[in-house]
Amino acid sequence: MSSKLIIIGAGGHGKVVADIALKMNRWESVSFLDDNEMAKPFSGVEVVGEIKDSAKYKHEADFFVAIGNNSRRAQILEDLFRQEYSVAKLIHPSCILGLDVTIEVGTVIMAGVVVNSSTRVGKGCILNTHCNVDHDNIIEDYVHISPGVNLAGTVFVGRSSWIGVGSSISNGVKINCDCIIGAGAVVINDLIESGTYVGVPAKKIG
Ligand SMILES: CC(C)(COP(=O)(O)OP(=O)(O)OC[C@H]1O[C@@H](n2cnc3c(N)ncnc32)[C@H](O)[C@@H]1OP(=O)(O)O)[C@@H](O)C(=O)NCCC(=O)NCCS
């Protein structure tokens, strides 16, 4: 483990990620890399370069990718994994993890999240503020579960799917890869086709 953490992405999501990293008290220094020249420091976390500058820090820092877009986050993380960077996972001190839960690297678990027994969370996922992921769920790589989402027990969420804010997924439901679930949706049946689903009960719109 390194004494430095480099966070790629200094936007709104990056700030929340930096806040968690600081609260974990695990790194002596935390910095951002961002390609946007308007990117600003946040609470003492400075922007020290662009993404292409990652190589400078490869041997002295852990890395985390704080980009909300699932495919962009996956692309950058896959590059880091291929080049054998050390990629961290970030877990807010207030979250509750049940027994036999596994969380892979590149994933952030935000404030107030509950992940219950025997759930598996893949690489590069976002479990956003105050979501509940109950027992025996399988959350594949690069999934984003937005704030206030409720996943009942034994839910499967396929790679790169995005579950919108405040939605609910009933027990045993399987959601295919690359699905978008709209804000406030209620999913009661398996979503077999990739696409966008909204409403109560959720129906495919695209
Ligand atoms: C589902 C979503 C991605 C669709 O966005 P979009 O592709 O830009 O779709 P549009 O806004 O053009 O809406 C298309 C239709 O779906 C409806 N719709 C969109 N989102 C909806 C929702 N959450 N619930 C019900 N209906 C919805 C619109 O009213 C519109 O209906 P119409 O064709 O009858 O007018 C978006 O509305 C959404 O819910 N995003 C989630 C946001 C979120 O969770 N943010 C958290 C960030 S941490």
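The values are calculated or read from the model by the stated rules, or taken from the named source; none is laboratory data. What you are looking at is a predicted structure, and each value in this text was computed from that prediction instead of being measured. Every residue, glycine among them, receives a Cβ derived from its backbone with ideal geometry; neighbour counts consider all protein chains shown. With ligands, DNA and RNA removed, areas are computed over all heavy atoms of the protein, side chains included. Shrake-Rupley method; radii C 1.70, N 1.55, O 1.52, S 1.80 Å.
Details
- Only Lys, Arg (+1) and Asp, Glu (-1) charged, at Cβ; the chain dipole about Cα centre in debye: 220
- Counting Cα-Cα pairs of region 4-88 in 5 Å increments starting at 0 gives whole-percent bin shares of 3, 16, 30, 27, 19, 5, 0.
- Rounded is the label for region 91-194. Its Cα gyration tensor axes, ordered a ≥ b ≥ c, give a/c under 1.5.
- Farthest toward positive dipole pole in region 61-206 [+1 Lys/Arg, -1 Asp/Glu at C-beta], among 148, 80, 112: 148
- Helix-derived mean residue ellipticity, 222 nm - over the chain, DSSP H n ≥ 4, -39500 (n - 2.57), to 500: -4500 deg cm²/dmol
- Relative contact order, percent, region 4-88 [alpha-carbon distance under 8 Å, six or more residues apart]: 34
- Residues of type lysines that residue 204 reaches as a straight line, Cα spacing below 19 Å, ignoring anything fewer than 8 places off in the same chain: 174
- Taking the chain and dividing mean pair separation by its residue count, relative contact order in percent (alpha carbons under 8 Å, at least six apart): 11
- Electrostatic tally near residue 30: other residues with Cβ closer than 12 Å to its Cβ, Lys and Arg +1, Asp and Glu -1, net 0.
- The stretch between residue 120 and residue 4 holds 39.0 nm of extra length on full extension. This uses 0.36 nm per residue minus the Cα-Cα distance.
- Orientation-averaged projection of the chain equals 10.8 nm² [convex hull of Cα atoms, one quarter of hull surface area].
- Considering only alpha-carbon pairs that sit under 8 angstrom and 6 or more positions apart, the relative contact order computed for region 70-187 is 17 percent.
- Helix 12-24 and the longest principal axis of the Cα set of the chain meet at an angle near 70°.
- Partner lysines for residue 56 [C-alpha distance under 25 Å; skip if fewer than 8 residues away on the same chain]: 4, 15, 40, 89, 123
- Heavy-atom surface analysis with a 1.4 Å probe gives the chain a carbon and sulfur content of 52 percent of its accessible area.
- The chain: angle of helix 70-82 to the longest principal axis, Cα-based, in degrees nearest 10: 50
- Residues of type aspartates and glutamates that residue 52 reaches as a straight line, Cα spacing below 13 Å, ignoring anything fewer than 8 places off in the same chain: 34, 35, 79
- Residue-normalised accessible area of the chain, given per residue in Å² at a 1.4 Å probe: 46
- Take 66-79, 102-115 and order them by the average number of nearby Cβ atoms within 10 Å per residue, most first; the result is 102-115, 66-79.
- Potential lengthening of the chain between residue 130 and residue 50 amounts to 25.7 nm, from the contour at 0.36 nm per residue minus the alpha-carbon distance.
- Cα→Cβ-extended label distance, 7 Å offset, between residue 176 and residue 154, nm: 2.3
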